[in-house]
Amino acid sequence: MYRKLQMAVHWEESITIEDVTITFTPEEWALLDTAQRKMYRAVMLETISNLQSLGDLKIHMRTHTGAKPYKCNVCQKTFTHCNTLKIHKRTHTGEKPYECRLCGKAFAQLSHLTRHERTHTGEKPYECHLCGKVFTQLSHLTIHERTHTGEKPYECHLCRKAFIQSSSLICHERTHTGEKPYGCHVCGKAFTQSSHLTRHERRHTGEKL
């Protein structure tokens with residue numbers, strides 16, 4: 001099966017729509033009857049569909065081969081799909097083409113705008129089938145469901161402690177490395193988590209904890 005897929009991808013790379021298109025001059029087209037013209041259109045539509053399917057297959061095969069043919073010319077990071085590279089480049093250019101019509105906040109990706117708009121509408125389309133709790137993001141539902149299943153897919157390679165979400169693992173690993181990336185701009189004290197820094201800064205501002 002894999003061999004057949006390889007052959008299909010190779011075929012798609014070597015053939016374009018121009019290679020399989022049958023063209024007619026205006027004079028030749030005028031000589032075709034209605035049935036022949038309908039048949040021509042049907043054949044060409046099927047051909048285009050087949051080429052498109054092979055293009056989708058080619059992209060899918062990259063998940064197996066690991067091929068990432070699209071490279072960022074700024075940081076050299078590579079991607080499997082040209083659209084992913086296009087979105088990535090916005091991290092360099094600062095381009096944010098998707099703007100919230102309610103508050104004007106802009107985003108680099110349409111999905112980020114969609115997620116943001118739910119903070120205005122209150123929409124929570126993702127519901128836990130076990131307890132009925134609802135969420136604005138699918139990723140939040142996925143993390144929540146692990147509280148029911150007990151799944152902890154993120155494991156520390158040093159002490160083997162496991163966590164429900166990757167951010168918890170990152171914070172935990174700092175207890176091993178001693179890294180404290182969040183520094184107070186008032187007194188310079190550093191913390192492993194941004195929430196700890198926020199709580200600390202309230203001591204300077206007098207804001208109620």
Checked region 85-117 for anything outside any helix (DSSP H, G or I) and among the small types (Gly, Ala, Ser); matches are Gly94, Gly104, Ala106, Ala108
Going through region 156-209 in order, the residues found to be of a type in the set (Val, Ile, Thr) and either surrounded by fewer than 11 Cβ atoms within 10 Å (Cβ to Cβ) or touching a residue at least 24 places away in the same chain (Cβ under 8 Å) (or both) are Thr177, Thr205
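Filter region 135-155 down to residues that are part of a loop (DSSP other than H, G, I, E, B) and surrounded by fewer than 16 Cβ atoms within 10 Å (Cβ to Cβ) and give me whichever is farthest from the chain's Cα centre (by Cα). Before the answer, list the steps.
Just the residues of region 135-155 that are part of a loop (DSSP other than H, G, I, E, B), to begin with: 136-137, 150-153.
Adding the requirement that they be surrounded by fewer than 16 Cβ atoms within 10 Å (Cβ to Cβ) leaves 137, 150-153.
On the way: Gln137: 14, Gly150: 26, Glu151: 23, Lys152: 22, Pro153: 20 Å.
For region 135-155, the residue satisfying everything is Gly150.
For (1) hydroxyl-bearing (Ser, Thr, Tyr); (2) under 30 Å from Pro97 (Cα atoms), each residue gets a yes or a no:
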| site | (1), (2) |
| --- | --- |
| His112 | no, yes |
| Lys124 | no, yes |
| Thr142 | yes, yes |
| Gly150 | no, no |
| Leu158 | no, no |
| Ser167 | yes, yes |
| Pro181 | no, no |
| Gln193 | no, no |
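Every number in this text was worked out from the coordinates using simple rules, so none of it is lab data. All values derive from a computational prediction rather than experimental measurement. Note that each Cβ is placed from the backbone with ideal geometry, even for glycine, and that neighbours are counted across all protein chains shown.
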